[in-house]
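I'd like to ask you about the structure that follows.
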Amino acid sequence: MQRRTWVPVATGIVALVFFALPAEEPLRGFLPDWVSLVLIYWTFALPARMMVGMAWSVGLVVDIVSFGLPGAYALSKAVLVYLARVLALRVRAYPLWQQTIVVLGLLGIEALILSLIDFIVSGDLTGLQRWTAVVVGALAWPVVYWILRRARHLARLGH
Amino acid sequence: MNRTRNSAIRGLSLYVLLSAGLITAHYYSPVVRQIFQFAAVIGVPVHFLASLPSTVLERMQGKLEPTDQLRRNYAALREHNLILQARLHRFEFLESENIRLRRLLSAVPATAEKVTLAALVAVNPDPRGQAVLINKGSADGVFQGQPVVDAGGIVGQVTRPGMFRSTVSLVTRENQGIPVQVARSSLRAVIYGGGRNRPLRVLYLDRNSDIRTGDLLVTSGLAGRYPAGYPVALVTAVERNLSESFMSVAAEPTSHLGSEREVLLLWLSALDQPVASDLLDSEGELVD
(Lines give C-alpha, C1' and ligand atoms only; values in the text may rest on other atoms or scores of the structure.)
Protein backbone atom coordinates (compact mmCIF):
# COMPACT_ATOMS: atom_id res chain seq x y z
CA MET A 1 0.00 0.00 0.00
CA GLN A 2 2.87 2.36 0.79
CA ARG A 3 4.64 2.04 -2.53
CA ARG A 4 1.82 3.31 -4.76
CA THR A 5 1.47 6.75 -3.26
CA TRP A 6 2.91 8.34 -6.39
CA VAL A 7 -0.45 7.79 -8.13
CA PRO A 8 -2.32 10.53 -6.20
CA VAL A 9 0.69 12.81 -6.69
CA ALA A 10 0.69 12.12 -10.43
CA THR A 11 -3.05 12.83 -10.74
CA GLY A 12 -2.46 16.05 -8.82
CA ILE A 13 0.24 17.13 -11.28
CA VAL A 14 -2.01 16.28 -14.25
CA ALA A 15 -4.77 18.36 -12.64
CA LEU A 16 -2.31 21.26 -12.22
CA VAL A 17 -1.37 21.11 -15.92
CA PHE A 18 -5.08 21.02 -16.85
CA PHE A 19 -5.56 24.02 -14.58
CA ALA A 20 -2.90 25.94 -16.53
CA LEU A 21 -4.24 24.96 -19.98
CA PRO A 22 -4.74 27.92 -22.28
CA ALA A 23 -8.30 28.96 -22.98
CA GLU A 24 -9.79 31.66 -25.13
CA GLU A 25 -11.85 34.39 -23.56
CA PRO A 26 -15.44 33.05 -23.72
CA LEU A 27 -14.37 29.58 -22.54
CA ARG A 28 -12.14 30.78 -19.74
CA GLY A 29 -14.83 31.37 -17.17
CA PHE A 30 -16.35 27.93 -17.59
CA LEU A 31 -13.31 25.81 -16.83
CA PRO A 32 -13.60 24.10 -13.45
CA ASP A 33 -10.80 23.93 -10.91
CA TRP A 34 -9.45 20.44 -11.62
CA VAL A 35 -7.07 20.58 -8.65
CA SER A 36 -10.01 20.95 -6.26
CA LEU A 37 -11.83 18.01 -7.84
CA VAL A 38 -8.78 15.76 -7.53
CA LEU A 39 -8.22 16.86 -3.92
CA ILE A 40 -11.86 16.12 -3.09
CA TYR A 41 -11.62 12.66 -4.66
CA TRP A 42 -8.53 11.59 -2.75
CA THR A 43 -9.93 13.00 0.50
CA PHE A 44 -13.14 11.03 0.06
CA ALA A 45 -11.16 7.89 -0.81
CA LEU A 46 -8.38 8.16 1.79
CA PRO A 47 -9.60 10.57 4.49
CA ALA A 48 -7.10 9.35 7.06
CA ARG A 49 -4.11 10.06 4.85
CA MET A 50 -5.11 13.37 3.27
CA MET A 51 -3.90 16.03 5.66
CA VAL A 52 -5.01 19.65 5.74
CA GLY A 53 -1.37 20.69 5.59
CA MET A 54 -0.88 18.76 2.32
CA ALA A 55 -3.87 20.57 0.82
CA TRP A 56 -2.42 23.87 2.00
CA SER A 57 0.89 23.18 0.25
CA VAL A 58 -0.93 22.12 -2.94
CA GLY A 59 -2.85 25.40 -2.78
CA LEU A 60 0.38 27.33 -2.40
CA VAL A 61 1.79 25.63 -5.51
CA VAL A 62 -1.41 26.58 -7.39
CA ASP A 63 -0.97 30.17 -6.16
CA ILE A 64 2.59 30.28 -7.47
CA VAL A 65 1.77 28.60 -10.79
CA SER A 66 -1.22 30.89 -11.38
CA PHE A 67 0.75 34.03 -10.45
CA GLY A 68 -2.05 34.78 -8.02
CA LEU A 69 -1.98 36.15 -4.52
CA PRO A 70 0.11 33.70 -2.47
CA GLY A 71 -2.03 32.28 0.30
CA ALA A 72 -5.44 32.63 -1.37
CA TYR A 73 -5.66 29.21 -3.00
CA ALA A 74 -3.70 27.73 -0.09
CA LEU A 75 -6.39 28.87 2.32
CA SER A 76 -9.30 27.78 0.13
CA LYS A 77 -7.81 24.32 -0.54
CA ALA A 78 -7.08 23.78 3.18
CA VAL A 79 -10.69 24.58 4.10
CA LEU A 80 -11.93 22.43 1.20
CA VAL A 81 -10.00 19.35 2.32
CA TYR A 82 -10.92 19.93 5.96
CA LEU A 83 -14.64 19.92 5.09
CA ALA A 84 -14.20 16.96 2.73
CA ARG A 85 -12.50 15.00 5.53
CA VAL A 86 -15.38 15.69 7.89
CA LEU A 87 -17.88 14.48 5.27
CA ALA A 88 -15.81 11.66 3.76
CA LEU A 89 -17.12 8.61 5.61
CA ARG A 90 -20.72 9.67 5.12
CA VAL A 91 -20.35 10.62 1.46
CA ARG A 92 -18.76 7.30 0.52
CA ALA A 93 -22.09 5.57 1.08
CA TYR A 94 -23.98 8.04 -1.13
CA PRO A 95 -24.99 7.33 -4.72
CA LEU A 96 -23.10 9.31 -7.33
CA TRP A 97 -25.75 12.00 -7.88
CA GLN A 98 -25.83 12.82 -4.16
CA GLN A 99 -22.05 12.99 -4.13
CA THR A 100 -22.32 15.47 -6.99
CA ILE A 101 -24.50 17.72 -4.85
CA VAL A 102 -21.99 17.54 -1.98
CA VAL A 103 -19.18 18.40 -4.42
CA LEU A 104 -21.23 21.35 -5.68
CA GLY A 105 -21.50 22.60 -2.11
CA LEU A 106 -17.77 22.15 -1.45
CA LEU A 107 -16.75 23.94 -4.65
CA GLY A 108 -19.25 26.68 -3.83
CA ILE A 109 -17.69 27.23 -0.42
CA GLU A 110 -14.24 27.38 -2.03
CA ALA A 111 -15.46 29.95 -4.58
CA LEU A 112 -16.98 31.96 -1.75
CA ILE A 113 -13.67 32.03 0.12
CA LEU A 114 -11.74 33.08 -3.02
CA SER A 115 -14.29 35.81 -3.81
CA LEU A 116 -14.08 37.05 -0.24
CA ILE A 117 -10.27 37.25 -0.35
CA ASP A 118 -10.50 39.08 -3.70
CA PHE A 119 -12.98 41.49 -2.19
CA ILE A 120 -10.86 42.17 0.88
CA VAL A 121 -7.65 42.65 -1.12
CA SER A 122 -8.85 44.50 -4.22
CA GLY A 123 -12.28 45.76 -3.22
CA ASP A 124 -14.15 44.52 -6.29
CA LEU A 125 -16.41 41.51 -6.51
CA THR A 126 -15.66 39.45 -9.60
CA GLY A 127 -18.50 38.51 -11.91
CA LEU A 128 -20.50 35.38 -12.38
CA GLN A 129 -17.69 33.45 -14.09
CA ARG A 130 -16.49 31.76 -10.94
CA TRP A 131 -19.96 30.44 -10.19
CA THR A 132 -20.40 28.96 -13.65
CA ALA A 133 -17.06 27.20 -13.10
CA VAL A 134 -18.43 25.78 -9.83
CA VAL A 135 -21.47 24.32 -11.60
CA VAL A 136 -19.34 22.93 -14.45
CA GLY A 137 -16.99 21.42 -11.85
CA ALA A 138 -19.85 19.64 -10.11
CA LEU A 139 -21.13 18.35 -13.46
CA ALA A 140 -17.65 17.05 -14.25
CA TRP A 141 -17.49 15.18 -10.92
CA PRO A 142 -18.90 11.82 -12.20
CA VAL A 143 -16.25 11.72 -14.95
CA VAL A 144 -13.43 12.69 -12.56
CA TYR A 145 -14.73 10.14 -10.05
CA TRP A 146 -14.76 7.36 -12.66
CA ILE A 147 -11.26 8.11 -13.99
CA LEU A 148 -9.67 8.49 -10.55
CA ARG A 149 -11.36 5.34 -9.25
CA ARG A 150 -9.72 3.45 -12.11
CA ALA A 151 -6.39 5.02 -11.15
CA ARG A 152 -6.91 4.11 -7.49
CA HIS A 153 -7.74 0.50 -8.32
CA LEU A 154 -4.68 0.24 -10.56
CA ALA A 155 -2.56 1.58 -7.71
CA ARG A 156 -4.34 -0.76 -5.25
CA LEU A 157 -4.87 2.08 -2.81
CA GLY A 158 -7.92 1.02 -0.89
CA HIS A 159 -10.11 1.51 2.04
CA MET B 1 -14.16 11.33 17.79
CA ASN B 2 -14.86 14.68 19.38
CA ARG B 3 -11.28 15.05 20.49
CA THR B 4 -9.90 14.27 17.06
CA ARG B 5 -12.29 16.78 15.49
CA ASN B 6 -11.20 19.45 17.96
CA SER B 7 -7.57 18.87 17.10
CA ALA B 8 -8.46 18.95 13.40
CA ILE B 9 -10.15 22.32 13.85
CA ARG B 10 -7.09 23.56 15.66
CA GLY B 11 -4.96 22.33 12.76
CA LEU B 12 -7.20 24.09 10.26
CA SER B 13 -7.14 27.38 12.13
CA LEU B 14 -3.34 27.20 12.13
CA TYR B 15 -3.35 27.03 8.33
CA VAL B 16 -5.97 29.77 8.07
CA LEU B 17 -3.74 32.04 10.16
CA LEU B 18 -0.72 31.01 8.08
CA SER B 19 -2.53 31.99 4.85
CA ALA B 20 -3.70 35.28 6.29
CA GLY B 21 -0.17 36.02 7.44
CA LEU B 22 1.20 35.17 4.00
CA ILE B 23 -1.31 37.43 2.24
CA THR B 24 -0.53 40.35 4.55
CA ALA B 25 3.20 39.77 4.27
CA HIS B 26 2.95 39.67 0.48
CA TYR B 27 0.95 42.88 0.56
CA TYR B 28 3.35 44.84 2.73
CA SER B 29 6.82 43.34 2.37
CA PRO B 30 8.84 43.62 -0.85
CA VAL B 31 11.17 40.86 0.38
CA VAL B 32 8.30 38.36 0.46
CA ARG B 33 7.26 39.46 -3.03
CA GLN B 34 10.85 38.90 -4.18
CA ILE B 35 10.82 35.39 -2.73
CA PHE B 36 7.64 34.56 -4.61
CA GLN B 37 9.13 35.95 -7.83
CA PHE B 38 11.92 33.38 -7.45
CA ALA B 39 9.43 30.67 -6.52
CA ALA B 40 7.56 31.25 -9.77
CA VAL B 41 10.31 29.23 -11.44
CA ILE B 42 8.47 26.04 -10.40
CA GLY B 43 5.59 27.12 -12.64
CA VAL B 44 7.79 27.03 -15.76
CA PRO B 45 7.55 23.24 -16.41
CA VAL B 46 3.80 23.29 -15.70
CA HIS B 47 3.23 26.12 -18.15
CA PHE B 48 5.47 24.40 -20.68
CA LEU B 49 3.39 21.21 -20.50
CA ALA B 50 0.13 23.15 -20.60
CA SER B 51 1.13 25.13 -23.68
CA LEU B 52 2.45 22.02 -25.48
CA PRO B 53 -0.82 21.13 -27.30
CA SER B 54 -1.29 24.60 -28.75
CA THR B 55 2.36 25.01 -29.79
CA VAL B 56 2.38 21.59 -31.48
CA LEU B 57 -0.83 22.47 -33.29
CA GLU B 58 0.68 25.73 -34.44
CA ARG B 59 3.85 24.05 -35.72
CA MET B 60 1.74 21.56 -37.65
CA GLN B 61 -0.26 24.39 -39.19
CA GLY B 62 2.99 25.91 -40.41
CA LYS B 63 4.04 22.59 -41.94
CA LEU B 64 0.68 21.97 -43.57
CA GLU B 65 0.34 25.36 -45.19
CA PRO B 66 0.68 25.11 -48.98
CA THR B 67 3.79 26.59 -50.56
CA ASP B 68 2.09 29.04 -52.88
CA GLN B 69 0.17 30.52 -49.98
CA LEU B 70 3.39 30.94 -48.02
CA ARG B 71 4.94 32.61 -51.05
CA ARG B 72 1.96 34.95 -51.33
CA ASN B 73 2.17 35.80 -47.64
CA TYR B 74 5.87 36.47 -47.99
CA ALA B 75 5.33 38.82 -50.92
CA ALA B 76 2.60 40.69 -49.05
CA LEU B 77 4.77 41.05 -45.95
CA ARG B 78 7.72 42.32 -48.02
CA GLU B 79 5.55 44.93 -49.62
CA HIS B 80 4.18 45.97 -46.24
CA ASN B 81 7.68 46.19 -44.84
CA LEU B 82 8.76 48.47 -47.70
CA ILE B 83 5.88 50.84 -47.08
CA LEU B 84 6.61 50.89 -43.36
CA GLN B 85 10.27 51.59 -43.96
CA ALA B 86 9.46 54.50 -46.21
CA ARG B 87 7.18 55.88 -43.54
CA LEU B 88 9.82 55.31 -40.89
CA HIS B 89 12.31 57.51 -42.75
CA ARG B 90 9.83 60.32 -42.69
CA PHE B 91 9.14 59.63 -39.04
CA GLU B 92 12.83 59.81 -38.17
CA PHE B 93 13.09 63.12 -39.95
CA LEU B 94 10.06 64.43 -38.09
CA GLU B 95 11.43 63.18 -34.79
CA SER B 96 14.75 64.99 -35.23
CA GLU B 97 12.88 68.09 -36.28
CA ASN B 98 10.63 67.75 -33.27
CA ILE B 99 13.60 67.47 -30.91
CA ARG B 100 15.18 70.56 -32.52
CA LEU B 101 11.96 72.56 -32.18
CA ARG B 102 11.55 71.49 -28.60
CA ARG B 103 15.06 72.68 -27.87
CA LEU B 104 14.24 76.02 -29.42
CA LEU B 105 11.20 76.26 -27.19
CA SER B 106 13.35 74.97 -24.29
CA ALA B 107 10.48 72.67 -23.51
CA VAL B 108 10.57 69.38 -21.66
CA PRO B 109 12.47 66.89 -23.85
CA ALA B 110 10.59 64.00 -25.39
CA THR B 111 11.12 60.57 -23.92
CA ALA B 112 13.30 58.03 -25.69
CA GLU B 113 12.14 54.47 -25.80
CA LYS B 114 13.89 51.15 -25.80
CA VAL B 115 11.82 48.27 -27.06
CA THR B 116 12.01 44.51 -26.52
CA LEU B 117 9.87 41.85 -28.11
CA ALA B 118 8.18 39.40 -25.74
CA ALA B 119 6.18 36.33 -26.72
CA LEU B 120 2.97 35.43 -25.01
CA VAL B 121 3.10 32.14 -23.18
CA ALA B 122 -0.06 30.40 -24.32
CA VAL B 123 -1.56 29.93 -20.91
CA ASN B 124 -4.01 31.78 -18.75
CA PRO B 125 -2.04 32.61 -15.64
CA ASP B 126 -5.00 33.48 -13.52
CA PRO B 127 -8.43 32.23 -14.56
CA ARG B 128 -9.90 34.90 -12.30
CA GLY B 129 -8.21 38.01 -13.63
CA GLN B 130 -7.75 39.99 -16.83
CA ALA B 131 -4.12 39.14 -17.39
CA VAL B 132 -1.77 37.39 -19.80
CA LEU B 133 1.65 35.85 -19.25
CA ILE B 134 4.77 36.87 -21.22
CA ASN B 135 8.13 35.12 -21.51
CA LYS B 136 10.27 37.96 -20.14
CA GLY B 137 10.94 38.58 -16.48
CA SER B 138 13.03 40.59 -14.07
CA ALA B 139 16.08 38.75 -15.42
CA ASP B 140 15.51 40.68 -18.68
CA GLY B 141 14.97 43.96 -16.84
CA VAL B 142 11.19 43.88 -16.76
CA PHE B 143 9.82 45.99 -13.92
CA GLN B 144 6.49 46.58 -12.26
CA GLY B 145 4.28 49.06 -14.10
CA GLN B 146 6.14 48.70 -17.39
CA PRO B 147 3.97 49.63 -20.41
CA VAL B 148 3.22 46.87 -22.92
CA VAL B 149 2.08 47.62 -26.50
CA ASP B 150 1.35 45.73 -29.69
CA ALA B 151 0.67 46.72 -33.31
CA GLY B 152 -2.73 48.14 -32.35
CA GLY B 153 -1.73 50.18 -29.31
CA ILE B 154 -1.52 49.86 -25.55
CA VAL B 155 -2.05 46.30 -24.27
CA GLY B 156 -1.59 47.00 -20.58
CA GLN B 157 1.10 47.11 -17.94
CA VAL B 158 3.28 44.60 -16.14
CA THR B 159 1.77 43.94 -12.74
CA ARG B 160 3.73 40.94 -11.49
CA PRO B 161 7.26 40.60 -12.81
CA GLY B 162 8.66 37.12 -12.15
CA MET B 163 12.19 35.89 -12.83
CA PHE B 164 11.52 34.61 -16.36
CA ARG B 165 7.80 35.22 -16.75
CA SER B 166 5.65 38.23 -15.95
CA THR B 167 1.95 38.88 -15.85
CA VAL B 168 0.55 41.77 -17.84
CA SER B 169 -2.72 43.33 -16.73
CA LEU B 170 -4.83 44.22 -19.76
CA VAL B 171 -6.36 47.65 -20.27
CA THR B 172 -9.77 46.00 -19.91
CA ARG B 173 -9.03 45.08 -16.30
CA GLU B 174 -11.66 46.49 -14.03
CA ASN B 175 -10.88 49.89 -12.46
CA GLN B 176 -7.48 50.20 -14.14
CA GLY B 177 -7.17 53.78 -15.39
CA ILE B 178 -5.05 55.26 -18.20
CA PRO B 179 -4.71 59.01 -18.80
CA VAL B 180 -5.75 59.65 -22.41
CA GLN B 181 -6.37 62.43 -24.86
CA VAL B 182 -8.86 62.63 -27.72
CA ALA B 183 -6.65 62.70 -30.82
CA ARG B 184 -9.00 65.06 -32.71
CA SER B 185 -9.71 67.68 -30.05
CA SER B 186 -6.84 66.96 -27.61
CA LEU B 187 -9.39 66.85 -24.82
CA ARG B 188 -7.85 65.12 -21.81
CA ALA B 189 -9.59 62.38 -19.84
CA VAL B 190 -8.99 59.14 -17.97
CA ILE B 191 -10.19 55.84 -19.40
CA TYR B 192 -11.07 52.90 -17.15
CA GLY B 193 -11.31 49.19 -17.85
CA GLY B 194 -14.77 47.69 -17.50
CA GLY B 195 -13.88 44.07 -16.84
CA ARG B 196 -14.22 40.95 -18.93
CA ASN B 197 -16.12 41.38 -22.21
CA ARG B 198 -17.26 44.87 -21.29
CA PRO B 199 -16.33 48.14 -23.00
CA LEU B 200 -13.85 50.62 -21.57
CA ARG B 201 -15.39 53.70 -19.96
CA VAL B 202 -14.34 57.33 -19.97
CA LEU B 203 -15.54 58.79 -16.70
CA TYR B 204 -16.06 62.30 -15.36
CA LEU B 205 -16.30 64.09 -18.70
CA ASP B 206 -18.40 67.22 -18.65
CA ARG B 207 -21.72 66.94 -20.50
CA ASN B 208 -20.68 69.31 -23.29
CA SER B 209 -17.14 68.02 -23.81
CA ASP B 210 -16.02 67.62 -27.41
CA ILE B 211 -16.04 63.86 -27.93
CA ARG B 212 -17.83 61.80 -30.61
CA THR B 213 -18.33 58.25 -31.69
CA GLY B 214 -15.33 57.12 -33.72
CA ASP B 215 -12.83 59.35 -31.91
CA LEU B 216 -9.41 57.84 -31.28
CA LEU B 217 -8.14 58.06 -27.71
CA VAL B 218 -4.35 58.14 -27.37
CA THR B 219 -2.23 58.16 -24.23
CA SER B 220 -1.55 61.65 -22.93
CA GLY B 221 1.56 60.62 -21.04
CA LEU B 222 0.43 62.63 -18.05
CA ALA B 223 0.91 60.20 -15.18
CA GLY B 224 4.32 59.24 -16.50
CA ARG B 225 3.59 55.55 -16.70
CA TYR B 226 2.62 55.31 -20.37
CA PRO B 227 4.45 57.25 -23.09
CA ALA B 228 2.37 59.84 -24.91
CA GLY B 229 0.78 59.24 -28.29
CA TYR B 230 0.01 55.52 -28.28
CA PRO B 231 -3.55 54.62 -29.32
CA VAL B 232 -5.64 53.11 -26.53
CA ALA B 233 -9.25 52.90 -27.66
CA LEU B 234 -11.89 53.93 -30.18
CA VAL B 235 -15.04 55.59 -28.87
CA THR B 236 -18.03 53.40 -29.71
CA ALA B 237 -20.87 55.17 -27.93
CA VAL B 238 -21.44 58.59 -26.40
CA GLU B 239 -24.49 59.18 -24.26
CA ARG B 240 -25.47 62.59 -22.97
CA ASN B 241 -28.00 62.40 -20.21
CA LEU B 242 -29.51 65.75 -19.27
CA SER B 243 -30.23 64.68 -15.72
CA GLU B 244 -26.57 63.91 -15.00
CA SER B 245 -23.65 66.28 -15.02
CA PHE B 246 -21.25 63.76 -16.59
CA MET B 247 -21.76 61.85 -19.81
CA SER B 248 -21.18 58.17 -20.29
CA VAL B 249 -18.67 57.21 -22.97
CA ALA B 250 -17.96 53.62 -24.02
CA ALA B 251 -14.84 52.69 -25.98
CA GLU B 252 -13.24 49.64 -27.49
CA PRO B 253 -9.52 48.83 -27.11
CA THR B 254 -7.49 49.20 -30.31
CA SER B 255 -4.84 46.65 -29.36
CA HIS B 256 -5.36 42.93 -29.80
CA LEU B 257 -5.21 42.36 -26.04
CA GLY B 258 -2.95 39.39 -26.08
CA SER B 259 -4.66 37.44 -28.84
CA GLU B 260 -1.55 38.03 -30.95
CA ARG B 261 1.56 35.98 -30.30
CA GLU B 262 3.91 38.86 -29.58
CA VAL B 263 3.90 42.11 -27.66
CA LEU B 264 6.43 44.88 -27.16
CA LEU B 265 7.86 45.97 -23.80
CA LEU B 266 8.77 49.65 -23.55
CA TRP B 267 11.52 51.23 -21.51
CA LEU B 268 11.17 54.96 -21.13
CA SER B 269 14.04 57.24 -20.32
CA ALA B 270 13.98 60.98 -20.50
CA LEU B 271 16.56 62.41 -22.89
CA ASP B 272 17.71 64.69 -20.10
CA GLN B 273 21.49 64.73 -19.92
CA PRO B 274 22.63 65.12 -23.54
CA VAL B 275 19.76 67.38 -24.54
CA ALA B 276 20.29 69.66 -21.55
CA SER B 277 23.94 70.20 -22.42
CA ASP B 278 23.03 70.74 -26.09
CA LEU B 279 20.46 73.24 -24.97
CA LEU B 280 23.05 75.22 -23.00
CA ASP B 281 25.38 75.29 -26.00
CA SER B 282 22.75 76.56 -28.34
CA GLU B 283 21.59 79.11 -25.79
CA GLY B 284 25.15 80.20 -25.30
CA GLU B 285 25.48 80.71 -29.02
CA LEU B 286 22.27 82.68 -29.06
CA VAL B 287 23.48 84.92 -26.24
CA ASP B 288 26.79 85.47 -27.95
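The values are calculated or read from the model by the stated rules, or taken from the named source; none is laboratory data. Not measured: the values here are computed from a predicted model. No Cβ is skipped: glycine too gets one built from the backbone with ideal geometry, and neighbour counts run over all protein chains shown.
Let me confirm something: among B:170, B:120, B:187, B:133, which residue is within 14 Å of another protein chain (Cβ to nearest Cβ) and modelled with pLDDT of 85 or more?
Exactly one residue qualifies, and that residue is B:170.
Looking at B:40, B:76, which is the one that is assigned to a helix (DSSP H, G or I) and within 14 Å of chain A (Cβ to nearest Cβ)?
Just one listed residue meets the conditions, B:40.
Have a look at A:6, A:34 and point out the one that is of a type in the set (Phe, Trp, Tyr), out of contact with any Pro (no Cβ under 8 Å at 6 or more places or on another chain), under 29 Å from residue B:169 (Cα atoms) and more than 10 Å from every other protein chain (Cβ to nearest Cβ).
None of the others qualify; the one that does is A:34.
Yes/no per residue for (1) closer than 30 Å to residue B:31 by Cα; (2) not hydrophobic (A, V, I, L, M, F, W, C):
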residue	(1), (2)
A:13	yes, no
A:20	yes, no
A:29	no, yes
A:32	no, yes
A:37	no, no
A:44	no, no
A:56	yes, no
A:67	yes, no
A:77	yes, yes
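For segment B:232-240, state whether one or more residues are farther than 23 Å from residue B:174 by Cβ and either of a type in the set (Asp, Glu) or touching a His at 6+ places or on another chain (Cβ under 9 Å) (or both).
There is no residue in segment B:232-240 that is farther than 23 Å from residue B:174 by Cβ and either of a type in the set (Asp, Glu) or touching a His at 6+ places or on another chain (Cβ under 9 Å) (or both).
Let me ask another. Does residue A:111 qualify as being exposed (fewer than 14 other Cβ atoms within 10 Å of the Cβ) and either over 27 Å from residue B:47 (Cβ atoms) or not polar (S, T, N, Q) (or both)?
Working: exposed (fewer than 14 other Cβ atoms within 10 Å of the Cβ): no; either over 27 Å from residue B:47 (Cβ atoms) or not polar (S, T, N, Q) (or both): yes.
The answer is no for residue A:111.
Name the strands (runs of 3 or more DSSP E) wholly inside segment B:115-221 in which the number of residues that are over 17 Å from residue B:37 (Cα atoms) is 3 or more.
Fully inside segment B:115-221 and qualifying: B:147-150, B:153-161, B:177-182, B:188-192, B:200-206, B:216-219.
Rundown of residues vs (1) more than 7 Å from chain B (Cβ to nearest Cβ); (2) surrounded by fewer than 19 Cβ atoms within 10 Å (Cβ to Cβ); (3) among the charged types (D, E, K, R), yes/no style:
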position	(1), (2), (3)
A:10	yes, yes, no
A:30	yes, yes, no
A:39	yes, no, no
A:65	no, no, no
A:86	yes, yes, no
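Please state which one of A:131, A:56, A:141 is out of contact with any Pro (no Cβ under 6 Å at 6 or more places or on another chain), surrounded by 14 or more Cβ atoms within 10 Å (Cβ to Cβ) and at the interface with chain B (Cβ under 7 Å from one of its Cβ atoms).
After ruling out the rest, the residue left standing is A:56.
Turning to a different aspect of this structure: When you check residue B:195 against the structure, is it in contact with an Asp or Glu (Cβ under 6 Å, 6 or more places away or on another chain) and at pLDDT below 85, yes or no?
yes
Another question, then. Restricting the search to segment B:8-37, which residues are surrounded by 14 or more Cβ atoms within 10 Å (Cβ to Cβ), more than 9 Å from chain A (Cβ to nearest Cβ) and among the hydroxyl-bearing types (Ser, Thr, Tyr)?
Of everything in segment B:8-37, nothing turns out to be surrounded by 14 or more Cβ atoms within 10 Å (Cβ to Cβ), more than 9 Å from chain A (Cβ to nearest Cβ) and among the hydroxyl-bearing types (Ser, Thr, Tyr).
Which condition breaks for residue A:106 when tested against (1) at pLDDT below 90; (2) more than 14 Å from every other protein chain (Cβ to nearest Cβ); (3) closer than 21 Å to residue B:19 by Cβ?
Only one criterion in (1) at pLDDT below 90; (2) more than 14 Å from every other protein chain (Cβ to nearest Cβ); (3) closer than 21 Å to residue B:19 by Cβ is unmet by residue A:106, namely (1).
I've got another one for you. Out of all the residues in segment A:110-120, is one or more in contact (Cβ under 8 Å) with a residue 12 or more places away in the chain, out of contact with any helix residue (DSSP H, G or I) (no Cβ under 7 Å at 6 or more places or on another chain) and more than 9 Å from chain B (Cβ to nearest Cβ)?
Among the residues of segment A:110-120, not one is in contact (Cβ under 8 Å) with a residue 12 or more places away in the chain, out of contact with any helix residue (DSSP H, G or I) (no Cβ under 7 Å at 6 or more places or on another chain) and more than 9 Å from chain B (Cβ to nearest Cβ), which makes the answer no.
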